[in-house]
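Have a look at the structure below before the remarks.
The values are calculated or read from the model by the stated rules, or taken from the named source; none is laboratory data. Worth saying up front: this structure is predicted, and the values here are computed from it rather than measured. Methodologically, a virtual Cβ is constructed for each residue, glycine included, from the backbone with ideal geometry; neighbour enumeration extends over all protein chains shown. We work out accessible area using only protein heavy atoms, side chains counted, and drop any ligands, DNA or RNA first. Shrake-Rupley method; radii C 1.70, N 1.55, O 1.52, S 1.80 Å.
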Amino acid sequence: MFDRPRRLRATPAIRELVAETRVVSHQLVQPHFVVADDRADVPIPALPGISRMGSDVLRARVAADLELGIRTALLFGVVDQKDPRGSAGEDPQGPVQRAIRRLKREFGEALTVIADVCLCTYTDHGHCGLIDGNHVLNDASLPLLARQSVSLAQAGADLIAPSDMMDGRVRAIREALDQDGRTDVGILAYSAKYASNFYGPFRQAADSAPRAQGPKDRRTYQMDYRNRADAVREALLDQQEGADLLMVKPALAYLDVIAAVKAAAARPIAAYLVSGEYAAVEALAEKGLADRGALVHEHLHAVRRAGADVLITYHARAALQHRWI
Ligand code: PBG
């Protein structure tokens, strides 16, 4: 006698019975790009199916997402008024702050709002911290990130998600939130964020690519994709500094990193299937080389299998609408 693994693959029902990983709607997070003009709904060419939205349109979109079962939204701001310090990010009347107030007023606890915190969409040089010549300054950037976080928490954000990769920012943000009495506002840290080539479409969406001033890329602060131990180090540091959830980003080329961080840390792990990963699926489907829904099903389960608890994906809405998961 020899063992026959095919017995458990014989029928759809048996396969369903023994599947080790499941993806359920409340694990999904839908990202949104928010602009000042309330009625704006401007498609992003690099991200088919995703648009920059004003708060009227966002409100309607989030209501529809809630109907589908998506309970968590991740918000990014997109603004025209940029300066060297990214001041627009901490404006209480900024597009994200306004949108959060409106969403929380309308949906309350039914909706969890995560606010991305970074300088790159608000700075005229496009870097995630302050710059001095060719340097991205670490400690000088922390108070700005902390102020932006407090302003988003005051608007009603449930979770603050710093994506800048400055050292010590989780502690600075935690302290600032606590000082403002926001002890209940959590931190989802982009802990292991790699200097990836898969962010291209996002930078078009958020108008956040590095420009003429400062270094030409983000490799002095985002991680080197040849390294895994560095991800564990970052995750444990963020945990120690007060992060409530830890993120690995991107997801698909980093499944080993998700597994390593999950094993080492004692926090829920989020994985971000980033813009380039989304666009790659769209391009394959567009060319007729693969079925879009099947690709999304495979990707989401792969990321769950690696150990992610929370899945951030531009495909969240489509996955539920078309019953891909
Ligand atoms: C901002 C930020 C980026 C992403 C999320 N927050 C881009 C970057 O670091 O340039 C990428 C998300 C995506 O590609 O979907 N710091």
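The table below gives the values:
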read-out	value
Total residues in region 100-128, condition more than 10 Å from the ligand (Cβ to nearest atom), assigned to a loop (DSSP other than H, G, I, E, B) and buried (at least 17 other Cβ atoms within 10 Å of the Cβ)	3
Failed item in (1) within 18 Å of the chain's Cα centre (by Cα); (2) of a type outside the set (A, V, I, L, M, F, W, C); (3) part of a helix (DSSP H, G or I), with residue 193 passing the rest	(3)
Selection count, region 127-137, where residues are free of Cβ contacts under 8 Å to residues at least 60 places away in the same chain and in contact with a Leu (Cβ under 9 Å, 6 or more places away or on another chain)	2
Some residue of region 300-308 being touching a Ser or Thr at 6+ places or on another chain (Cβ under 8 Å), within 16 Å of residue 30 (Cβ to Cβ) and not charged (D, E, K, R)	yes
Qualifying residue in region 82-91 (condition: farther than 23 Å from residue 216 by Cβ and within 15 Å of the ligand (Cβ to nearest atom))	yes
Looking only at region 193-220, and only at residues there that are basic (Lys, Arg) and open to solvent by 40 Å² or more (accessible area, probe 1.4 Å), the one that is nearest to residue 78 (Cα to Cα)	203
Test: residue 219 is more than 26 Å from residue 35 (Cβ to Cβ), more than 10 Å from the ligand (Cβ to nearest atom) and among the basic types (Lys, Arg)	yes
Count of region 81-126 residues which are free of Cβ contacts under 8 Å to residues at least 40 places away in the same chain and either closer than 22 Å to residue 165 by Cβ or aromatic (Phe, Trp, Tyr) (or both)	2
Residue list for region 148-169, filter: open to solvent by 20 Å² or more (accessible area, probe 1.4 Å), within 16 Å of the ligand (Cβ to nearest atom) and either in contact with a Ser or Thr (Cβ under 9 Å, 6 or more places away or on another chain) or part of a helix (DSSP H, G or I) (or both)	159
Failed criterion for residue 134 (all others in (1) within 16 Å of the ligand (Cβ to nearest atom); (2) surrounded by fewer than 24 Cβ atoms within 10 Å (Cβ to Cβ); (3) closer than 23 Å to residue 214 by Cβ hold)	(1)
Conditions (1) out of contact with any Lys or Arg (no Cβ under 9 Å at 6 or more places or on another chain); (2) part of a helix (DSSP H, G or I): number failed by residue 145	(1)
Every pair of residues 6+ apart whose Cβ atoms lie under 9 Å, when the first sits in region 296-325 and is open to solvent by 40 Å² or more (accessible area, probe 1.4 Å) while the second is assigned to a helix (DSSP H, G or I) and basic (Lys, Arg)	309/262; 322/292; 324/292
